[in-house]
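The values are calculated or read from the model by the stated rules, or taken from the named source; none is laboratory data. Bear in mind the structure is a predicted one, so any value in this text is a computation, not a measurement. Virtual Cβ from ideal backbone geometry, glycine too; neighbours counted across all protein chains shown. SASA here: full protein model, heavy atoms, side chains in, ligands and nucleic acids out. Shrake-Rupley method; radii C 1.70, N 1.55, O 1.52, S 1.80 Å.
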Amino acid sequence: MARYNSYIICTSPRSGSTLLCKLLAATGIAGNPASLFYRPTLPDWLTRLGLILVETMAARELLETIFEAANRKGRGDTAIFGLRQQRHGFDFLCEKLAILHPGNLSDCERIQRIFGTTLFIHLTRTDKLAQAVSYLKAEQTGLWHLAPDGTELERTAPNRAPVYDRDAIRAHLETMTAYDRAWETWFEREAIAPLRLSYDDLSDDPRATLRTVLLHLGLDPAAADRVAPGVRKLADETSREWGARFRAENTLA
């Protein structure tokens, strides 16, 4: 029997969260995790949830509608709710939860008022430079995810060749590092001991990582055996060259 009603994958871009979400959804027993609250705007939430804004709705009624829809979408046909939450939209989510559940409550208590007993999963990428390079390449080329057979899963812009940009890499490196620090600060403040997962472990053995998550949720880990990874790595020789060049330039500086 599941120990939790829900889980939240606390992460940052290019940390392997799309792979993990697809693995969990494919088990058929672990929810349908996605970035339901990606951007810090209500219009973006409504779009992602397939809802239409009713101008006459009061703020509280609108938020109740949003979170009810999110609960349904994040559960899919299972008994557990799954959510991927990027750090840059998290404070806005907490602000809206406080409208529904005001008073002297912690963020964690408010989350659990909405989604039930929650397992927090911290998925990180130790090599922040590789993460920054990956983000810049995706940003430039418009290609964010590939299926194992090479077909495109997510593209946000027409294809163009990537161009090395030291300043952009440095900015993304600082941002990704700040996201991790912000998650750690929040976990400490909320007295949360998250399940910690790494990009490297997930990439090296997706099924083993999936089994770890299922075990912590109290779900059958054998469900991982019938699941195939649904995302292919985008790192290539260009990624490695950019990383080496950035390190060399900053060593000389």
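Please report how far the C-alpha centroid of segment 15-72 lies from that of segment 177-232, rounded to the nearest whole angstrom. Measuring centre to centre over Cα atoms gives 20 Å. In the chain, the longest principal axis of the Cα atoms and the axis of helix 59-75 are about 70 degrees apart. Ligands, DNA and RNA excluded, the heavy atoms of Asp91 present near 90 Å² of accessible surface to a 1.4 Å solvent probe.
The structure shown yields mean projected area of the Cα convex hull in nm², and of the options [x] 13.0; [y] 14.0; [z] 15.1 that calculated value carries the label [z].
Against the criterion of solvent-accessible heavy-atom surface with a 1.4 angstrom probe, Arg240, Arg84 sort, most first, into Arg240, Arg84. Phi angles across segment 134-139 convert, under the Karplus curve 6.51 cos²θ - 1.76 cosθ + 1.60 with θ = phi - 60°, into 3J(HN,Hα) values of 4, 5, 5, 4, 5, 4 Hz, Gly and Pro given as x. Take the Cβ atoms of Ala191 and Asp236, set R0 to 25 Å, and the FRET efficiency comes out at 0.05.
Backbone amide hydrogens, once placed in the peptide plane, bring Arg232 within less than 5 Å of Leu146, Ala147, excluding anything fewer than 5 places away on its chain.
The candidates Lys96, Lys73, arranged from most to least accessible area with a 1.4 Å probe in the full protein assembly, appear as Lys73, Lys96. Considering only the Cα atoms of segment 1-150, their convex hull presents on average a projected area of 10.7 nm². Only DSSP H runs of four or more residues enter the estimate; each adds -39500 (n - 2.57), and after division by the residues of the chain the mean residue ellipticity at 222 nm equals -16000 deg cm²/dmol. So what's the net charge close to Thr185: Lys and Arg +1, Asp and Glu -1, counting the other residues with Cβ under 14 Å from its Cβ? Local net charge: -3.
Surface exposure of segment 158-219, expressed per residue as accessible area with a 1.4 Å probe, stands at 56 Å². Within the set of other residues whose C-beta is less than 13 Å from the C-beta of Glu139, count the net charge using Lys and Arg as +1 and Asp and Glu as -1. Around Glu139, the surrounding residues sum to +2.
GNM on the chain, alpha-carbon springs under 10 angstrom: the most fluctuating residue among Ser106, Ser134, Ser17 is Ser106. For segment 161-253, the relative contact order comes to 19 percent (Cα pairs under 8 Å, sequence separation of at least 6). Computed over segment 10-169, relative contact order equals 25 percent, with contacts defined as Cα pairs under 8 Å that lie 6+ residues apart.
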